[in-house]
Amino acid sequence: MGSGSLTMTTRDINEREYVTATIGEQMFGLPIDRVQDVFVVDRVTRVPLSQTDVVGVMNLRGRIVTVIDMGRRLGLPSQRPEAAPMAIGVDDRGESYGLLIDEVGEVLTLSHETREANPANLDATLAAVSVGVHRLDGKVLVVLDVDRILDFERKLNAA
Amino acid sequence: MPMPKVRVMDDLLREFLTETGENLDTVDVELVRFEQEPSNAKILGNVFRLVHTIKGTCGFLDLPRLEALTHAAETVMGKLRDGAPVTTEAVSLILATIDRIKEILAVLEGTEREPPGRDADLIGPLERIAAGHAEPPQQACAYTTGTLTYQVLERPLRPGEVSLDELERVFRETPVEAPLVTPAAVALSKLEAPFDPSESTASEEREEPRVAQSSIRVGVDTLEQLMTMVSELVLTRNQLLEISRRNDDSEFKTPLQRLSSVTAELQEGVMKARMQPIGNAWQKLPRLVRDLSAELGKGIDLQTFGAETELDRQVLELIKDPLIHMVRNAADHGLESTAKRQALSKPPRGTIRLSARHEGGHIIIEISDDGRGLNVDKIRQKAIAQNLITEADAVKMSDVQIQRLIFTPGFSTASQITSISGRGVGMDVVKNNIDQIGGTIDVRSVPGEGSAFIVKIPLTLAIISALIVETAGERFAIPQLAVAELVRCRAGSEHCIEYIKDAPVLRLRNKLLPLIHLGMLLKLDVKDRGTIDSGYVVVTQVGNQRFGLVVDGLFHTEEIVVKPMASKLRHIGMFSGTAILGDGAVIMILDPNGVAEKVGGVGSQSNDVAAEPNVASEEPATPLLAFRAGSQARKAVPLSLVTRLEEIDCRSIEISNGRHVVQYRGRLMPLLRVDDDCNIRSEGTQPVLVFSDGSSAMGIVVDDIIDIVEDRLAIDVTGEMPGVIGSAIIKGHATEIIDVGHYLGLAFDGVFRGTSPTASATQDVMLVDDSAFFRDMLTPVLKAAGYDVSTYTSAAEALEALRSGHRPVVILSDIEMPAMDGLQFATAVRAELGDSPLPMFALSSHATPGLMERVRAAGFDAFVAKFDRQALIAKIREHATAWDRAA
């Protein structure tokens, strides 16, 4: 896996691919090498006493996936469709998580040139899980860090 | 792909270490067996072959120290095989050599090099033993079975490392039975899970060389993955079956049936691949016991039964250490010294017995010894010294309860630290390990005869049998291991939920079971948060703790494949994992240990000792309801007498005819005070204990309900005040035991007082009750009514009296008694007395319609509630006179 991503980045060290998604009005990007799949969230089992961000667990082709409500996680008003909500599947040390978002967008290849650090006045909750932003035509894409999203303790401390 | 030479050596060495580690463990076991059965040539053959194999490989890998050691040991074994007498000295020496080999191997594993050093201290004596028997040492090998094609030979070896001749010899002598460095093994070593020398193949396989040869090593990861795939397959199959059930398309039926059975077989096969005989966990024990025997100077025999009993390898790994610990304990603390045993006229050699058997999805392992048994006094003192219990607790606790204290965290009986056990790690750690795999442990011990530890563990952690329940619209799985029984509760039925303050309890076979609503525990949206009066109760047993989980619905029991919880959810502590149900939905598996911890926190406030009402103690404890009314002195009534606990709205209390009354269930219920200082409240709610016999009820006004306590009821001071039976020490508090009968008399004004003794003094009532409390309570009542009373504490005693000619006018018998119960007693009396119409009444504190029928069927004439004095006297009078006339 290490050598695989090496060849990817050598193509153009200044470009990275992102899976994009919207939550509320905001557009986000997740590094494509961290994304396993995108799936429809169906038949979620609630996990009592869990963090409010956790929607529950579901069966995705025999794997148990913990589904996280990204709207709640980021403190954004969600505009999820009632039917067939989508989630982006990510892996963390052998465990599967699904990041429940409003809508999945296309995969974008973005150059380093459009990238900036988080604006100083960025919402603290967002800033805690983002590693920068990209200026796009007419909108701004916030780059999310998967490890920080899954770092619940950090969220709890911040709250 | 050509590999660097160093890598080749690494793989070989790695393989060598794994195999040798296993072989040495087997040698340990076999040697000890051999020492006991010196004439068993087969065992010696096994040992010899194993050591020989190790030696051959050592030479090949250029490990001169190991080679020299194994060579010397092999020579001695060769002598033994040729008929030299087997001495303890020789066996000890060989075992010491094996230990040295293990030490060298440990270094080799880390550094890939033999540590420097000489082994003359061992080789010398070995050679002397070998030389002591005529023939000079020579390589004897009956197992050369021809030349093996050996491809490793063709690889370049470091020049001068091993001579070709030497190699030839080694290969020729390497027996086929042990596929040590065959090409297949080398190739497989790359597939292997992280190197683990402790992982061992069954010793049985070694005895059946063909089996060993046909087995391969598969990484645990591979098996786990297979398991996941199989469960996925099962799921898909279930979905297909569901579809086929809905559509009457017969075309699919046959192939689907076939798919179904193949899937089932596959699932079973994969499960089986994970199973290992428990004997693998015992492999080190014979050697251990032998060494302990020598070290402690005690003769110890180890007997094992059921070593072939299979269980999941994961469970096997986890149970290994606790077992070793318990065997150590038995040898060190359990068994007496040989001299002491002889003095006690016990067999001089102590026995440790280890047995395993399957029992309904679980495996029961028993470790017992015929030693001195647990020292109850010592445990008690120690527990008090360590503040685990108070002295008052200690006095009240039964021996069994005291014995169980050894499982309490921080408890260790070893007053002297020995090299064998008592290193500060005690049975509490063992219990903890067993708890973690969902198992239970208990102890039985008889002073002077020995102790037995009984461990019950699930066969596998991967697939468990679970009860699926529903609460607040969500489903949960409860491991079947923790489920003791299921009870359905409805208001007004035999099993109804009662409240002590805010704590719901269920009266189950005269014991109170603390209840907790699963939905509330998990903070789900439970509709009626305040009270629960109906539902299903899952009686859950965790270690010594027993509680009831109230759920809305029960489904079925299902075999579920346990998947671990996501690490982000583990902190919740209430769930042990997740599983996918047959319909594809995910279900959370409740962790009974986690729930028990929470229940302990919110449940009854009685201390831990009281919180084990389930365990059968020798002295039956009486559950008492402790309360305060008026004075600060604690008061209590036997819980079995209390019908309900009510909070009555003070506005509904009226005064009628100079007495406090309240409308209760459509009738007027008199309210009484047990103490003049106890005032009936004028506002808010008034707690009341309701006593009823079905037709009439009375309420006793109390200030405060303290707790439900369970204790032996020994009335120390007989009451001088009316309405108080006497005082007793209940859980360390002096407590007045209230005479409910007195108040019943007051409540139903004069019914009792008005009765004058009319019976002749010769009329004798036989009262059979194992409870001193009830004997004490009823005797004065009966005497006051003019009868003589003969009391018996057991049915057997009473029966004996009847057989020897005693003829009372009436027999009153309790129903629930140890040994022979009231029903058996009645049957026996009827059989004994034939046609005699001697009236018999059953006494019970808790009547149910079913019980009444059984009581009649057994031969009782009637059923009387224990506390209902008037009814009792009236019944006796009615029957006794009738019988008297008839007689």
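The values are calculated or read from the model by the stated rules, or taken from the named source; none is laboratory data. On a predicted model such as this, the values are computed, not experimentally measured, just so you know. Note: ideal-geometry Cβ built from the backbone for every residue, glycine included; neighbour counts use all protein chains shown.
Could you tell me which residue of region B:254-272 is farthest from the other protein chains (Cβ to nearest Cβ), considering only residues that are over 38 Å from the mean Cα position of the chain (by Cα) and exposed (fewer than 14 other Cβ atoms within 10 Å of the Cβ)?
Initially, region B:254-272 is screened for residues over 38 Å from the mean Cα position of the chain (by Cα), giving B:254-259.
With exposed (fewer than 14 other Cβ atoms within 10 Å of the Cβ) added as a condition, the list becomes B:254-255, B:257-258.
On the way: B:254: 26, B:255: 22, B:257: 23, B:258: 22 Å.
Residue satisfying both the conditions and the ranking: B:254.
Counting only residues that are surrounded by fewer than 17 Cβ atoms within 10 Å (Cβ to Cβ), touching a residue at least 40 places away in the same chain (Cβ under 8 Å) and either within 14 Å of another protein chain (Cβ to nearest Cβ) or not hydroxyl-bearing (Ser, Thr, Tyr) (or both), region A:68-83 holds 3 of them.
None of A:57, A:65 is more than 8 Å from chain B (Cβ to nearest Cβ), in contact (Cβ under 8 Å) with a residue 12 or more places away in the chain and closer than 17 Å to residue B:585 by Cα except A:65.
Applying the criterion of being within 14 Å of chain A (Cβ to nearest Cβ) and either part of a strand (DSSP E or B) or of a type in the set (Lys, Arg) (or both) to the residues of region B:552-570, the residue that is farthest from residue B:520 (Cα to Cα) is B:561. Within region B:571-594, being out of contact with any helix residue (DSSP H, G or I) (no Cβ under 7 Å at 6 or more places or on another chain), more than 7 Å from chain A (Cβ to nearest Cβ) and not in a loop (DSSP other than H, G, I, E, B) holds for B:571, B:575, B:576, B:577, B:579, B:589, B:590, B:594.
Where the second residue is surrounded by fewer than 19 Cβ atoms within 10 Å (Cβ to Cβ) and not in a strand (DSSP E or B) and the first is within 14 Å of chain B (Cβ to nearest Cβ) and at pLDDT 90 or above and lies in region A:128-152, which pairs have Cβ atoms under 6 Å and are six or more apart or on separate chains? Hits for this filter: A:146/A:34.
Quick check on residue A:17: is it within 15 Å of the chain's Cα centre (by Cα), away from chain B (no Cβ under 12 Å) and at pLDDT below 95?
Values: within 15 Å of the chain's Cα centre (by Cα): yes; away from chain B (no Cβ under 12 Å): yes; at pLDDT below 95: yes.
Yes.
Considering (1) surrounded by 20 or more Cβ atoms within 10 Å (Cβ to Cβ); (2) modelled with pLDDT of 75 or more; (3) more than 29 Å from residue B:292 (Cβ to Cβ), say which one residue B:29 fails and leave the rest. Checking residue B:29 against (1) surrounded by 20 or more Cβ atoms within 10 Å (Cβ to Cβ); (2) modelled with pLDDT of 75 or more; (3) more than 29 Å from residue B:292 (Cβ to Cβ), the one that fails is (3). Scanning region B:780-807 for residues that are buried (at least 17 other Cβ atoms within 10 Å of the Cβ), over 39 Å from the mean Cα position of the chain (by Cα) and within 21 Å of residue B:865 (Cβ to Cβ) yields B:781, B:782, B:785, B:787, B:789.
Quick one: which residue in B:673, B:651, B:667, B:659 is surrounded by 14 or more Cβ atoms within 10 Å (Cβ to Cβ) and either of a type in the set (S, T, N, Q) or more than 48 Å from the chain's Cα centre (by Cα) (or both)? Write out each step before concluding.
On the way: B:673 fails: either of a type in the set (S, T, N, Q) or more than 48 Å from the chain's Cα centre (by Cα) (or both); B:651 fails: surrounded by 14 or more Cβ atoms within 10 Å (Cβ to Cβ); B:667 fails: surrounded by 14 or more Cβ atoms within 10 Å (Cβ to Cβ).
The unique qualifying residue is B:659.
Looking at residue B:350, is it buried (at least 17 other Cβ atoms within 10 Å of the Cβ) and within 22 Å of the chain's Cα centre (by Cα)? If you could, list the steps in order and put the result at the bottom.
On the way: buried (at least 17 other Cβ atoms within 10 Å of the Cβ): yes; within 22 Å of the chain's Cα centre (by Cα): no.
For residue B:350, the condition - buried (at least 17 other Cβ atoms within 10 Å of the Cβ) and within 22 Å of the chain's Cα centre (by Cα) - is not met.
Among the residues of region B:712-747, those identified as among the charged types (D, E, K, R) and at pLDDT 70 or above are B:731, B:736, B:739. Only one entry in B:632, B:663 is within 22 Å of residue B:533 (Cα to Cα) and of a type outside the set (Gly, Ala, Ser), namely B:663.
Working only within region B:239-249, note down all residues that are polar (S, T, N, Q) and out of contact with any helix residue (DSSP H, G or I) (no Cβ under 9 Å at 6 or more places or on another chain). Give the steps one after another, and end with the answer.
Filtering region B:239-249 for residues polar (S, T, N, Q) gives B:239, B:244, B:247.
Result: B:239, B:247.
Pairing residues of region B:106-128 that are surrounded by 11 or more Cβ atoms within 10 Å (Cβ to Cβ) with residues that are hydroxyl-bearing (Ser, Thr, Tyr), at Cβ distances under 6 Å and at least 6 apart in sequence or on separate chains, gives B:122/B:97.
Quick one: in region A:90-127, of everything that is of a type in the set (D, E, K, R), within 19 Å of residue A:62 (Cα to Cα) and surrounded by fewer than 18 Cβ atoms within 10 Å (Cβ to Cβ), which residue is modelled with the lowest pLDDT?
Filtering region A:90-127 for residues of a type in the set (D, E, K, R) gives A:91-93, A:95, A:102-103, A:106, A:113, A:115-116, A:123.
Those still in the list that are within 19 Å of residue A:62 (Cα to Cα) too: A:91-93, A:95.
If we keep only those that are surrounded by fewer than 18 Cβ atoms within 10 Å (Cβ to Cβ) too, we end up with A:91-93.
On the way: A:91: 89, A:92: 86, A:93: 80.
By that ranking, first place goes to A:93.
In the set B:102, B:79, B:55, only one residue is in contact (Cβ under 8 Å) with a residue 40 or more places away in the chain, more than 40 Å from the chain's Cα centre (by Cα) and part of a helix (DSSP H, G or I); that residue is B:79.
Within region B:381-400, residues that are closer than 13 Å to residue B:730 by Cα and assigned by TED's automatic domain parsing to the domain that holds residue B:442 sit with their Cβ atoms under 6 Å from residues that are assigned to a loop (DSSP other than H, G, I, E, B) and not aliphatic (A, V, I, L, M), at 6+ positions apart or across chains, in these pairs: B:392/B:732.
Given the condition more than 14 Å from every other protein chain (Cβ to nearest Cβ), assigned to a helix (DSSP H, G or I) and at pLDDT 80 or above, answer yes or no: does some residue in region B:620-635 qualify? Looking for residues that are more than 14 Å from every other protein chain (Cβ to nearest Cβ), assigned to a helix (DSSP H, G or I) and at pLDDT 80 or above, one finds none in region B:620-635, hence no.
Of the residues B:331, B:356, B:392, B:385, the single one that is buried (at least 23 other Cβ atoms within 10 Å of the Cβ) and at pLDDT below 90 is B:331. The residue that is farthest from the other protein chains (Cβ to nearest Cβ), among those in region B:239-252 that are surrounded by fewer than 16 Cβ atoms within 10 Å (Cβ to Cβ), of a type in the set (S, T, N, Q) and assigned to a helix (DSSP H, G or I), is B:250.
What do you reckon, is residue B:57 among the hydroxyl-bearing types (Ser, Thr, Tyr) and touching a Ser or Thr at 6+ places or on another chain (Cβ under 8 Å)? If you could, list the steps in order and put the result at the bottom.
Numbers: among the hydroxyl-bearing types (Ser, Thr, Tyr): yes; touching a Ser or Thr at 6+ places or on another chain (Cβ under 8 Å): yes.
Taking the combined requirement at face value, the residue satisfies it.
Under the condition of being in contact (Cβ under 8 Å) with a residue 60 or more places away in the chain and within 12 Å of another protein chain (Cβ to nearest Cβ), the residues counted in region A:27-54 number 2.
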